[in-house]
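Below you'll find the structure, written out as structure tokens, and then a few comments.
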Amino acid sequence: MARYTKESLYGVTAQNNGVLDVLKHRTIPKNQDDQSYIIQSQYNYRPDLLASDLYNNPDYWWVFKERNPSIIDDPIFDFVAGVEIKVPPLSTIKTALGSQ
């Protein structure tokens, strides 16, 4: 059975007999310390690479979609160069996930 860390998109979704239940969304709140970021071409379709570069953790790839729901509907195919998103600081993410 797969086990997911607190950092994972699935970290609080129940598992029954090795099967994930319906996804329990995790919200990343707006914060005055959020930064505007324009997605660069090296991150096309790769939110995991940006998460790795910004947060030293590619498992935070889903944070961009959850923080920018009106901009990013599909967390992979809407993640393209030129799109401006809000990027929360690591401290906001850790607080939202109960890691701090």
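Computed from the coordinates by the stated procedures, all read-outs in this text should not be read as laboratory data. Just so you know, these numbers come straight off a predicted model, no measurement behind them. With ideal geometry, Cβ positions are generated from the backbone for all residues, glycine too; neighbour counts draw on all protein chains shown.
Just a few scattered comments:
- Taking other Cβ atoms within 10 Å as a rough exposure proxy, 46, 67, 3 sort from fewest to most as 3, 46, 67.
- Summing charges over all other residues whose Cβ lies under 12 Å from the Cβ of residue 63, with Lys and Arg as +1 and Asp and Glu as -1, gives 0.
- Charged-residue dipole, Cβ positions (Lys, Arg, Asp, Glu), the chain about Cα centre, Debye nearest 20: 300
- Sites residue 45 and residue 17, calculated FRET efficiency, Cβ-Cβ separation with R0 25 Å, nearest 0.05: 0.15
- Against the empirical curve 2.2 N^0.38 Å, the C-alpha radius of gyration of the chain lands at a ratio of 1.08.
- For the chain, chymotrypsin sites (Phe, Trp or Tyr not before Pro) are listed when DSSP marks them as loop and at most 16 other Cβ atoms sit within 10 Å of their Cβ; the list is 4, 45, 77.
- In nm, spacing of pseudo-spin labels at residue 25 and residue 81 (7 Å Cα→C-beta vector): 3.1
- Only one residue of 83, 27, 38 has its Cα farthest out toward the positive end of the dipole of the chain, where Lys and Arg carry +1 and Asp and Glu -1 on Cβ, and that residue is 27.
- Cβ-based exposure ranking for 13, 92, in which fewest neighbours within 10 Å come first: 13, 92
- Each of 71, 28 was scored by other Cβ atoms within 10 Å of its Cβ. Listed from fewest to most, they are 71, 28.
- Relative contact order for segment 1-82, counting Cα pairs under 8 Å that sit 6 or more residues apart, in percent: 28
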